[in-house]
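Just so it is clear, none of the values below were taken in a lab; they were calculated from the coordinates. These numbers come from a predicted model, not from an experiment. Neighbour counts run over all protein chains shown; Cβ positions are idealised from the backbone, glycine included.
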Amino acid sequence: MTPYILVTGGTGFIGSLTTVSLLEAGHNVLILDNLSNSSPSVLDAIEKITGKRPDFIQGDIRDAALLADLFSRYSIQAVMHFAGLKAVGESVQFPLRYYDNNVHGSVQLLQAMQAANVRTFIFSSSATVYGDPKFLPLTEDHPLSTTNPYGHSKLMVEEILQNLYKSEDGWRIACLRYFNPVGAHPSGLIGEAPQGIPNNLMPYVAQVAVGERAQLSVFGDDYDTPDGTGVRDYIHVMDLAEGHLAALNYCLENDSELLAVNLGTGTGYSVLDMISAFERSSQRRIAYQIAPRRPGDIASCWADTSFARKKLGWTASSGIQKMCDDAWRWQCHAAATKNG
Ligand code: NAD
Ligand code: UD1
């Protein structure tokens, strides 16, 4: 039987859409998720899209006994590790939660892998590990620094992975540094479903468009950027999912490897660019006001994508209009489901 890819956090936003890509590529998938930020209904959507239902275990990556049992029952070829907490502001308020979940949780998972002799690991890192860019575009050898516990937890896990890689043979590890993942599955059946008030730009914009929120606050219009608003490298989540497949294939084809790779498009867009694109997709006006800068925000950030292209043979293909079209389809679906 084809061995499984274990996807931690596989009912979440990026994990569920990567599961879709894995299933479509013929892999067997086992999801481990504690459902702290997702719903099991995502499994139905995955099945509807792919015609296959991934195996699912509701549980926590910090549960060593559960992990040992899982690795003994399933033949696992590789682990894609998405599970974790991701809200920057919350991480400043509750740092121990972030170190426990993101760092201790990753260590527990790696220990269980080591015991089971599974040594292929794809890690959800973030462009946040570059801190305030000293130059653009950001190459993978840009100095690393962080300004908040969330970012620090990602950098710590990257460092732990370097130590582990050096300590014994056979590890094949890819740290994927995501830029700003947005969009949804083109069917509109799976997308980002933030709990409460969205922290990130695009979910907020989508909720204004659908009428769930009155207006967007644009955090600062006095940055040193073409229109004064913050510039980011937005990447379609389906491109990101394909990037994971490329990294997995690369790792499986090599005996031993430790990679850190940017997953971005290489192009930056401003907040106002994104608002305009979403207005075109939704055919609605997005009301906004200019507000003070958000503490901790940087002016601009975009990826150098040449290493991903050279090493993994992967490049992002969707532009911002497709990202907004798909996010809008998902937002309409989510609103219709909520309203019965
Ligand atoms: P998400 O919250 O939608 O998905 C994370 C999933 O992990 C959720 O389903 C949650 O229930 C689960 N989870 C959390 N803690 C767990 C635990 N201890 N045990 C088991 N399951 C647990 O987030 P996402 O946007 O899909 O992000 C996935 C990963 O990518 C995260 O590690 C995140 O830090 C990283 N990342 C995300 C972004 C982004 O903008 N979304 C950017 C860079 C990096
Ligand atoms: C944020 C996190 C980053 C994380 C990423 C993806 C911070 C400081 N950084 O990145 O660590 O990896 O999310 O989860 O939180 N904006 C508005 N109004 C809003 C929301 C955002 O104008 O209501 C602006 C921001 O100022 C920024 C841009 O939109 O210029 C993108 O913001 P956001 O989507 O939160 O992503 P990042 O700040 O890039």
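Search the structure for amide H atoms under 5 Å from the amide H of C175, placed 1.01 Å from N in the peptide plane, and list their residues when 5 or more places away or on another chain.
The answer is F123, L259, A260, V261.
What is the calculated FRET efficiency for D100 to S72, with r their C-beta to C-beta distance and R₀ = 30 Å, to the nearest 0.05?
Once rounded, the FRET efficiency stands at 0.75.
I'd like the Karplus ³J(HN,Hα) series for the range 82-87: coefficients 6.51, -1.76, 1.60, θ = phi - 60°, whole numbers in Hz, and an x wherever there's a Gly or Pro.
9, 4, x, 9, 9, 9
Given Cα pairs under 8 Å that are at least 6 residues apart, what percent is the relative contact order of the chain?
Once normalised by length, the contact order is 18 percent.
Expressed as a fraction of 2.2 N^0.38 Å, the rule-of-thumb size for a compact globular protein of N residues, what is the C-alpha radius of gyration of the range 265-311?
My calculation over the Cα atoms of the range 265-311 gives 1.57.
Show me, for the range 13-29, the HN-Hα J-couplings you get by feeding each phi into the Karplus relation (A = 6.51, B = -1.76, C = 1.60, θ = phi - 60°), rounded to Hz, glycine and proline as x.
4, 7, x, 5, 6, 6, 4, 4, 5, 5, 5, 5, 8, x, 7, 8, 10
I need to check one value: relative contact order of the range 159-309, counting alpha carbon pairs closer than 8 Å and at least 6 residues apart, in percent.
35 percent
In Å and whole numbers, how far do the C-alpha atoms of the range 42-101 stretch along each principal axis, longest first?
Computed over the Cα atoms, the extents are 41, 30, 18 Å.
For the chain, what size does the Cα cloud have along each of its three principal axes, sorted from largest down, in whole Å?
The Cα atoms of the chain stretch 54, 48, 39 Å along the principal axes, largest first.
Determine, from the Cβ-Cβ distance of Q111 and L35 and an R0 of 22 Å, the FRET efficiency 1/(1 + (r/R0)^6), rounded to the nearest 0.05.
So, using R0 = 22 Å, E works out to roughly 0.45.
Under the Karplus relation 6.51 cos²θ - 1.76 cosθ + 1.60, θ = phi - 60°, what is the ordered set of whole-Hz ³J(HN,Hα) values for the range 177-192, x standing for Gly and Pro?
8, 6, 8, 9, x, 9, x, 7, 5, x, 5, x, 8, 9, x, 8
Between A291 and Q162, what is the label-point separation in nm under the 7 Å Cα-to-beta-carbon projection?
With each label placed 7 Å out from Cα toward Cβ, I get 3.6 nm.
Residues with beta-carbon under 13 Å from that of L245, excluding L245: net charge, scoring Lys, Arg +1 and Asp, Glu -1?
Neighbourhood net charge equals -4.
What residues qualify as long-range amide H neighbours of W302, i.e. H under 5 Å apart, gap of 5 or more or another chain, H built at 1.01 Å from N?
L138
Would you mind putting 321-330, 203-212, 289-298, 154-163 in packing order, based on average other-beta-carbon counts within 10 Å, highest first?
The densest-packed peptide leads the list: 321-330, 203-212, 154-163, 289-298.
Whose amide H sits under 5 Å from the amide H of I31, counting only residues 5 or more places off or on another chain, with H placed in the peptide plane?
Result for I31 returns V7, D55, F56, I57.
Strictly over 28 Å apart at the Cα level, which of K134/K310; K52/K310; K134/K322 would you flag in this model?
The answer is K52/K310; K134/K322.
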